[in-house]
Amino acid sequence: MFVAANWKMNLDKKSILEFTKSLHKFKFSNQINTCIFPPMTYIDYLHNLINNLPISVGGQNCHYKSSGAFTGEVSANFLKDTGCEYVLVGHSERRIMNYENNDEIKSRAQTAINSNLKVILCVGEKLTDREEGKALEYIEKQINDCLPNNFKDLFIAYEPIWSIGTGKIPSAFEIQEMHSHIKKIVFRISNKYINVLYGGSVNTENIKEILKITNVDGVLVGGASLKAKDFLAIYSAAVKHLDTSS
Ligand code: PEP
């Protein structure tokens, strides 16, 4: 079970310090993998603050080259070097606002893997694809195009674009259907079983129901991960889910 927190371009040094004070008072479970993705500039700061806790730190993106003349970019090697264990690749905000295409995303994932980072590859359809009944087809193409050739520690986050930050989430059937579709596609391509996280408007209210859905192996949380209280409530719901389902 995975609980990942994507802070995006939020939380400064002062608020990160406050956040981590709550983490230090909390009793974590060894059944849950958890990773926080802070802004790039605070990776080292956060990593040092939570070094003794069972929480990993990750980068929100990495470049597809390991070094070179790429002003303003961050290399997977640097993320690894600064304490990251994970990296998000192909987030829809990067695809839309930074025009990252599938080819590039595949290269970013491959570069991250070569730097021994664990990758969370994000995929998700637009509302029109969903409404036109093309969501499964759209995700299949994204995975075919973006899945790196050799991988060991790779997760897929299914994040419908229309669900991110909107409060709207797909039905339990749609999530289950898509997660099972993703697992089948990845198995067909790579002969590997993959864990699939759901992302998109996950919060303290809906987490319990989302975790009950078949083939949901965890969650990627944006907005609701910005307050320690909510993040820890989501984490606790995941622990409770495992306790009741075992
Ligand atoms: C995200 O952007 O990865 C995300 C899941 O955002 P939110 O939870 O705010 O919808």
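The values are calculated or read from the model by the stated rules, or taken from the named source; none is laboratory data. All figures in this text were calculated on a predicted structure; none of them were measured in a lab. When we count neighbours, we look across all protein chains shown, and the Cβ atoms used for this are built from the backbone with ideal geometry, even at glycine. The protein model used for the area step is the full one, side chains on, heavy atoms only, and it has no ligands, DNA or RNA in it. Shrake-Rupley method; radii C 1.70, N 1.55, O 1.52, S 1.80 Å.
Brief remarks follow.
- Of the criteria (1) more than 14 Å from the chain's Cα centre (by Cα); (2) more than 17 Å from PRO148 (Cβ to Cβ); (3) open to solvent by 60 Å² or more (accessible area, probe 1.4 Å), which one ASN33 fails: (1)
- Consider the stretch 80-117 and keep the residues that are touching a residue at least 60 places away in the same chain (Cβ under 8 Å) and closer than 21 Å to ASN195 by Cβ. The one that is farthest from the ligand (Cβ to nearest atom) is TYR86.
- Residues in the stretch 176-197 that are touching a residue at least 40 places away in the same chain (Cβ under 8 Å), within 16 Å of the ligand (Cβ to nearest atom) and touching a Ser or Thr at 6+ places or on another chain (Cβ under 9 Å): VAL196 only.
- Residue in the stretch 72-79 that is closer than 20 Å to GLU159 by Cα and more than 16 Å from the ligand (Cβ to nearest atom) present: no
- When restricted to residues that are open to solvent by 20 Å² or more (accessible area, probe 1.4 Å), in contact with a strand residue (DSSP E or B) (Cβ under 7 Å, 6 or more places away or on another chain) and at positive phi, the stretch 195-223 contains 1.
- Cβ-Cβ distances below 8 Å connect the following pairs, each with a first residue in the stretch 146-175 that is open to solvent by less than 60 Å² (accessible area, probe 1.4 Å) and within 16 Å of the ligand (Cβ to nearest atom), a second residue that is basic (Lys, Arg) and in a loop (DSSP other than H, G, I, E, B), and a separation of six or more residues or different chains: ILE161/LYS126; TRP162/LYS126; TRP162/LYS168.
- Checked against (1) within 16 Å of the ligand (Cβ to nearest atom); (2) in contact (Cβ under 8 Å) with a residue 60 or more places away in the chain; (3) open to solvent by less than 40 Å² (accessible area, probe 1.4 Å), LEU226 passes all but a single condition, namely (3).
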